[in-house]
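Just below is one structure, and these are the notes that go with it.
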Amino acid sequence: MTVRIQTADFDAGAEIAALRRGNPKVGAVASFIGVVRDVNEGDAVAEMTLEHYPGMTEKAIEEIVGQAVARWEVLDALVIHRVGTLKPADQIVLVAVASGHRGDAFAACEFIMDYLKTRAPFWKKEKTGKGVRWVEARASDDIAAERWRLKG
């Protein structure tokens, strides 16, 4: 299980290939790539800056991945989350999960992403034509994460 916080972009194809390489038990890999949108709350977004607390952020994400591993049959998982200043269309996050079966891979990947949105300590600031603003948590993200408390 690997968690990386970095400013540099990533090659999703190479990262996913490395995740499954050489393990004949892997029957499925599910992945998610988050990308910076050019509009949020009706305003054009010129750039987004992500901040975090080094050490604490990695630990929080490792705990989220650990919860996924405890719930589903996960052979390996990778989370790469970028920080710093990003432009629209830049990649922000990669979550990839390798499993013996697609159901476990899909569920664990979605769980990790839902919990990243609500429990990982990141702070987002957007630069728009109206100025700079902090991005508030969305109720829809909380609802998405809450459903995992109800099912496995």
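The values are calculated or read from the model by the stated rules, or taken from the named source; none is laboratory data. No experiment lies behind these values; they were computed from the predicted model shown. Note: ideal-geometry Cβ built from the backbone for every residue, glycine included; neighbour counts use all protein chains shown. Ligands, DNA and RNA are stripped out before the accessible areas are found, and what is left, the full protein with its side chains, is counted by its heavy atoms. Shrake-Rupley method; radii C 1.70, N 1.55, O 1.52, S 1.80 Å.
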May I ask you to evaluate 6.51 cos²θ - 1.76 cosθ + 1.60, the Karplus curve with θ = phi - 60°, for each residue of segment 78-94 and list the ³J(HN,Hα) values in order in whole Hz, giving x for glycine and proline?
9, 10, 10, 10, 8, 10, x, 8, 10, 9, x, 6, 6, 6, 9, 9, 10
Could you give the C-alpha radius of gyration of the chain expressed as a fraction of 2.2 N^0.38 Å, taking N as the number of residues it contains?
1.07
Given an 8 Å cut-off on Cα distances and at least 6 residues of separation, report the relative contact order of the chain as a percent.
32
Before rounding to the nearest 500, sum -39500 (n - 2.57) across all DSSP H runs of length at least 4 in the chain and divide by the residue total; then give [θ] at 222 nm in deg cm²/dmol.
-11500 deg cm²/dmol
With x for Gly and Pro, the residue-by-residue ³J(HN,Hα) of segment 34-50, computed from phi through the Karplus equation 6.51 cos²θ - 1.76 cosθ + 1.60 at θ = phi - 60° and given in whole Hz, is x, 10, 5, 7, 8, 9, 9, 6, x, 10, 5, 9, 7, 6, 10, 10, 10
For segment 12-55, alpha-carbon Rg relative to the globular expectation (2.2 N^0.38 Å, N residues)
1.81
Within segment 18-121, trypsin sites (Lys or Arg not before Pro) in DSSP loop having at most 14 other beta-carbon neighbours inside 10 Å:
21, 25, 37
Long-range amide H contacts for residue 75: which residues qualify at under 5 Å (H placed 1.01 Å from N, peptide plane, sequence gap of 5 or more or a different chain)?
98, 99, 100
Taking segment 22-127, which GluC sites (Glu not before Pro) meet the DSSP loop condition and have no more than 15 other C-beta atoms within 10 Å?
41, 73
For residue 40, residues with placed amide H under 5 Å, excluding near neighbours:
45
Can you check what the net charge comes to around residue 87, using other residues whose Cβ is under 13 Å from the Cβ of residue 87 (Lys, Arg +1; Asp, Glu -1)?
-2
Calculate, for segment 1-70, the solvent-accessible area per residue in square angstrom, rolling a 1.4 angstrom probe over the heavy atoms of the protein chains.
58
Calculated from backbone phi, Karplus (6.51, -1.76, 1.60) coupling profile of segment 110-119 in Hz, x at Gly/Pro:
5, 4, 4, 5, 4, 6, 4, 5, 10, 10
Counting only residues 5 or more places away or on other chains, whose amide H sits under 5 Å from the amide H of residue 92 once H atoms are built in the peptide plane?
34, 35, 36
Connecting every pair of Cα atoms under 10 Å apart in the chain and solving the GNM, the largest mean-square fluctuation among 14, 98, 120 falls on 14
